[in-house]
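Worksheet: one structure, shown below.
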Amino acid sequence: MNVEHYLEKDTGMDFHDEINPPDPMQTILMVYDGAINFLNRAVEYADDGDIKNKNIYINKAADIIVELNNCLDMEAGGEISENLRSIYIFIGRLLVESFTTDKTWALKESIKILSDLKEGWTYVANSVNKVTRPSTTFGN
């Protein structure tokens, strides 16, 4: 599975920019954005009755969720990694549910959960940037 391939092809994100590679926090945010965008597209296709494309985009989002789960460092991440794993497994179950029904509630719930997680990562990224960003003031 190559999540970067999906994201680059379908969203225009560039993970291989050698001059300006994304920092790890930005990469996490881009991956969440990709999954959310794929699920939003799946909802649109479901609403239009296009089951084939709905399932294509659910699969793309599911690949991202699997990759996020696989990337967790359970030893270093401790309780946070355990909680994220539980959430990713739950989202995976919601996505399986979305294959078996024409209703979009499972997709919308997955989008909400991922949006909440992204909001948390955004807060962390902004906090890290405040700590690591060099001061632009001189003196004192």
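The table for this structure:
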| read-out | value |
| --- | --- |
| Residue among 42, 35, 106, 125 that alone is within 14 Å of the chain's Cα centre (by Cα) and small (Gly, Ala, Ser) | 35 |
| Residues (of a type in the set (Gly, Ala, Ser) and either outside any helix (DSSP H, G or I) or touching a Pro at 6+ places or on another chain (Cβ under 9 Å) (or both)) located in segment 24-54 | 49 |
| Residue within segment 53-61 that is farther than 22 Å from residue 89 by Cβ, of a type outside the set (Asp, Glu) and surrounded by fewer than 20 Cβ atoms within 10 Å (Cβ to Cβ) present | yes |
| Of all residues in segment 92-140 being outside any helix (DSSP H, G or I) and either surrounded by 12 or more Cβ atoms within 10 Å (Cβ to Cβ) or of a type in the set (A, V, I, L, M, F, W, C) (or both), the one that is modelled with the highest pLDDT | 104 |
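The values are calculated or read from the model by the stated rules, or taken from the named source; none is laboratory data. From a predicted model like this one, the values you see are computed outputs, not experimental measurements. Reconstructed Cβ throughout: ideal geometry from the backbone, glycine too, with neighbour counts over all protein chains shown.
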